[in-house]
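The values are calculated or read from the model by the stated rules, or taken from the named source; none is laboratory data. Given the structure is predicted, the values throughout are model-derived calculations rather than measurements. Positions of Cβ are generated from backbone atoms using ideal geometry, with glycine treated the same way; all protein chains shown enter the neighbour counts.
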Amino acid sequence: MSITLAKLVVWVIVGILAGSLAGTVVTGKWAGLGRWTGLGVGLVGALIGGLIFSLFGIWPGLDAIAISLRDIVAAFIGSLIFLLLLWIFRASRSGSS
């Protein structure tokens, strides 16, 4: 698996969109998590989702174009995974106090 600069740029751009979408889904509000938090979640989610989809060969044929449906779905799922991990981390910290 080779990760090129072009793939990273696509993951960042799509991640911004996916973070906003994931924030809206998780909070149930159009505002989502806020501009900067959504951006951060989307970037991390895009990297997580992109790596997962590349490693497991999920939808390999859809990455033929610069920004594909595969990239958007991978970033969205990665954002949700990241938000779940944050939720688990915060729940474990508040429960141990």
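Summary table below
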read-out	value
Given (1) modelled with pLDDT under 75; (2) under 16 Å from residue 84 (Cβ atoms); (3) surrounded by fewer than 16 Cβ atoms within 10 Å (Cβ to Cβ), number of the condition residue 59 does not satisfy	(2)
Whichever residue in the stretch 26-56 is assigned to a helix (DSSP H, G or I) and either among the hydroxyl-bearing types (Ser, Thr, Tyr) or exposed (fewer than 14 other Cβ atoms within 10 Å of the Cβ) (or both) and, among such residues, is modelled with the lowest pLDDT	35
